[in-house]
Amino acid sequence: MSTINYVIGDATLPSYEPGGNLIIAHICNNRGGWGAGFTTALSARWIQPEVSYRNWYRCWARGMGYPFELGMLQIVPVHTQVRVANMIAQDGYASPEHPVAINYSSLGKCLAKLRRSSQIWDYAIVHMPRIGCGLAGGSWGHVSAWINESLVNHDVTVYVYDLPKK
């Protein structure tokens, strides 16, 4: 049985084989905000995921385009072999009154869509930080269970990155 592969490194700099495809997955909020946590690192590497996310939100706010809501997924090409998955699974922002902003059922919907995207794209390998466990306040035990159920148990290879200790 497969498991999540844990790596020390930067999820925006995944290694990949020539000819292989990969998807970098992360969680976004449903309010159109971008610019904290992992999104900062993504934008420093590629601008396309941020531009696509913001355009998606603006179009939705004007009543156009596809729904910008919890459980939705946006796949953004950033290189011939690399895509970024903007997964809307964070309900607003965490605060002292609302410390957990991740929505686990929406995460499950996003991961199911991510699985289909990976399979369609020649079983692209999925790379991610510990999604939902930073600013969204989630529990890695819950998140990793969803990843195993939705991706790993369906033969999608997953690498989870932890930054090196300073």
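Please treat every number below as a calculation from the coordinates, not as lab data. Not measured: the values here are computed from a predicted model. Note that we place each Cβ from the backbone using ideal geometry, even for glycine, and neighbour counts take in every protein chain shown.
For this structure, a couple of remarks:
- Qualifying residue in segment 154-162 (condition: closer than 12 Å to Tyr6 by Cβ, over 14 Å from the mean Cα position of the chain (by Cα) and of a type outside the set (Phe, Trp, Tyr)): yes
- The residues in segment 1-55 that are among the acidic types (Asp, Glu), more than 13 Å from the chain's Cα centre (by Cα) and either farther than 28 Å from Val100 by Cα or not in a loop (DSSP other than H, G, I, E, B) (or both) can be counted, and the count is 1.
- Residue that is touching a strand residue (DSSP E or B) at 6+ places or on another chain (Cβ under 8 Å) and within 17 Å of Tyr104 (Cβ to Cβ), where the choices are Gly141, Gly132: Gly132
- Within segment 73-100, the residues that satisfy the criterion of being in a loop (DSSP other than H, G, I, E, B) and either touching a residue at least 40 places away in the same chain (Cβ under 8 Å) or of a type in the set (Lys, Arg) (or both) are Gln81, Asp91, Gly92, Tyr93, Ala94.
- Subset of segment 11-65 [surrounded by 15 or more Cβ atoms within 10 Å (Cβ to Cβ) and of a type in the set (Asp, Glu)]: Glu50
- Within segment 103-121, residues that are farther than 22 Å from Gly134 by Cα have Cβ atoms under 8 Å from residues that are of a type in the set (D, E, K, R) and not in a helix (DSSP H, G or I) in these pairs: Ser117/Arg83; Trp121/Arg83, counting only partners at least 6 apart in sequence or on another chain.
- Looking only at residues of segment 115-142 that are touching a Leu at 6+ places or on another chain (Cβ under 7 Å) and in a loop (DSSP other than H, G, I, E, B), we find that the one that is surrounded by the fewest Cβ atoms within 10 Å (Cβ to Cβ) is Ala124.
- Contacts under 7 angstrom Cβ, first residue in segment 148-161 being in contact (Cβ under 8 Å) with a residue 24 or more places away in the chain, partner of a type in the set (Phe, Trp, Tyr) and in a strand (DSSP E or B), 6 or more apart: Val160/Tyr6
- Residue count for segment 72-123 satisfying the condition of being acidic (Asp, Glu) and touching a strand residue (DSSP E or B) at 6+ places or on another chain (Cβ under 9 Å): 1.
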